[in-house]
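Values quoted throughout were computed directly from the atomic coordinates according to the rules given, and no laboratory measurement underlies them. These numbers come from a predicted model, not from an experiment. With ideal geometry, Cβ positions are generated from the backbone for all residues, glycine too; neighbour counts draw on all protein chains shown.
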Amino acid sequence: MTDAILLRDDRDGIATLTLNNPGSLNALSDAMLAALKDAFATLAQDRGTRVVILKGAGKAFCAGHDLKEMQAGRQAEDKGRAYFADLFARCSDVMQMIPVLPQPVIAEVHGIATAAGCQLVASCDMAVAAEGTRFGVNGVNIGLFCSTPMVALSRNVPRKVAFEMLTTGQFIDAARAAEVGLVNRVVSHEALAQETWALAKTVAGKLSAAVKIGKRAFYDQIEMTRADAYDHAAAVMVENMLWRDTEEGISAFIEKRKPDWS
């Protein structure tokens, strides 16, 4: 398993996925994308896992697409058009699997998160970053505008911040990433794993069915008008209120005891 490109470790209802190709700074190669797709598909059916942590092995979280593979794709008769179309479609599919997973996904970020690696952070539900981490959608520096990373980035940070990052190719540090909303918190490198785990444990300690229905509603309502969002959220709360475990949770709060959830 140590040679697997993506590692999985399960403990206390928390699944930790580790991008495990440090030699390429955990680039999103064809093999890495396939491994992530398989892992997310498995997690989508996994009722025992409450939270997912996504991190990178070695000195970086993820450096984006594998540029050597992309250049090799140009050798086809069509100069790579079909390969590139397939690559970006596959990558987009993987990114879109994260918001629809029943479990919250927390990115544990260190080193760098660039281009599609920054997209991966932005696609996660939450992120904890180590001090000194650098974030960038820097494809423009090599003549390739980060158009697909832009989708996730522009849904995380203010428009002008996203546009500046995309057009200048300049990096932001972890403190700035937290300031603009790309990550939730910044901690020392030594405390990164501990703080990420603490956040995951807090979420894992909640009623998992409530977190699941809440995550789905969160992303559904974002795409709606305000009135439709309220209607949808109210209907979700009605459904949630009728659960036996929610009734028990409210009773336990009133009676000042721990809930006996099934």
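What the table below lists for this structure:
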| quantity | calculated |
| --- | --- |
| Nearest-20 debye value, region 41-92 charge dipole, Cβ charges on Lys, Arg, Asp, Glu | 260 |
| Pairs of lysine residues in region 6-204 - Cα separation under 29 Å, sequence separation of 8 or more or cross-chain | 11 |
| Highest-fluctuation residue, 196, 42, 148 considered, GNM on the chain with Cα pairs under 10 Å | 42 |
| Fluctuation leader among 130, 89, 113 - the chain, Gaussian network, Cα springs under 10 angstrom | 89 |
| Antiparallel DSSP beta bridges within the chain, percent to nearest 5 | 25 |
| Candidate lysines for bridging to residue 206, where Cα separation is under 19 Å - those fewer than 8 sequence places away on the same chain excluded | 215, 256, 258 |
| Proximal charge balance of residue 208 [Cβ under 12 Å; K/R count +1, D/E count -1] | +3 |
| Candidates 129, 227, 57: whichever shows maximal mean-square fluctuation once the chain is modelled as a Gaussian network with Cα springs under 10 Å | 227 |
| Dimensions in Å of the chain - Rg and Dmax from alpha carbons | 19.6, 72 |
| Gain in span if fully extended, residue 230 to residue 82, counting 0.36 nm per residue against the direct Cα distance | 49.0 nm |
| Cβ-placed point charges (K, R +1; D, E -1), dipole of region 131-262 about Cα centre in debye, nearest 20 | 140 |
| Loop sites in region 154-262: trypsin sites (Lys or Arg not before Pro), DSSP, at most 16 other Cβ within 10 Å | 155, 206, 256, 257 |
| The chain - mean residue ellipticity at 222 nm from DSSP helices (-39,500 (n - 2.57) per run, n ≥ 4, rounded to 500) | -15000 deg cm²/dmol |
